[in-house]
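Here the structure is laid out as structure tokens; the discussion comes afterwards.
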Amino acid sequence: QVQLVESGGGLVQPGESLQLSCAASGISFNTYGMDWYRQPPGKQREVVARIFNSGSTYYADSVKGRFTISRDSAKNTVYLQMNSLKPEDTAVYYCNRIPSLTYWGQGTQVTVSS
């Protein structure tokens, strides 16, 4: 049974940091790359960061230089370190496999507000 459990979100002020975690089970974690998505209020879900099996990464322009994606294959976990957070980073954050599954976890809410 596939499970993706996102955690680590919260309410922070602009400029602060958060680290999100996504624990995956029921997928061959080491076989696939992983994505972090976010869905701002009233908007579509978008990819913000990707990590491939090679270790190479991709970032959306909006987060480049501020966010870092990493993975721990021993723990079947992918992380998203988010620094210098901005109000426009406010969203529900999700992880998924590359290519994405139809299954989605519950996400974790990130709110950046003063």
Probe of 1.4 angstrom, ligands and nucleic acids ignored: what's the accessible area per residue over the stretch 37-114, in square angstrom? 52 Å²
What Kirkwood radius, in Å to one decimal, follows from the Cα pairs of the chain? 13.9 Å
What is the list of residues in the stretch 77-114 whose amide nitrogen lies under 14 Å from a point 7 angstrom out from the Cα of THR31, following Cα to Cβ? 97-101
Multiply the residue gap between ALA74 and SER17 by 0.36 nm, knock off their C-alpha separation, and tell me the result in nm, one decimal place. 18.0 nm
So which lysines pass the test for LYS64, namely a Cα distance under 22 Å, with those fewer than 8 places away in the same chain ruled out? LYS43, LYS86
For the stretch 72-95 and the stretch 11-51, compute the distance between their C-alpha centroids and round to whole Å. 5 Å
So how much accessible area does ARG66 have, in Å² to the nearest 10, using a 1.4 Å probe? 30 Å²
In whole percent, and with a 1.4 Å probe on the protein chains, what portion of the accessible area of the chain is carbon and sulfur? 46 percent
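The values are calculated or read from the model by the stated rules, or taken from the named source; none is laboratory data. Remember, predicted model here, so these are calculated numbers, not experimental data. Counting neighbours? That spans all protein chains shown, and the Cβs are built from the backbone with ideal geometry, glycine included. Ligands, DNA and RNA are stripped out before the accessible areas are found, and what is left, the full protein with its side chains, is counted by its heavy atoms. Shrake-Rupley method; radii C 1.70, N 1.55, O 1.52, S 1.80 Å.
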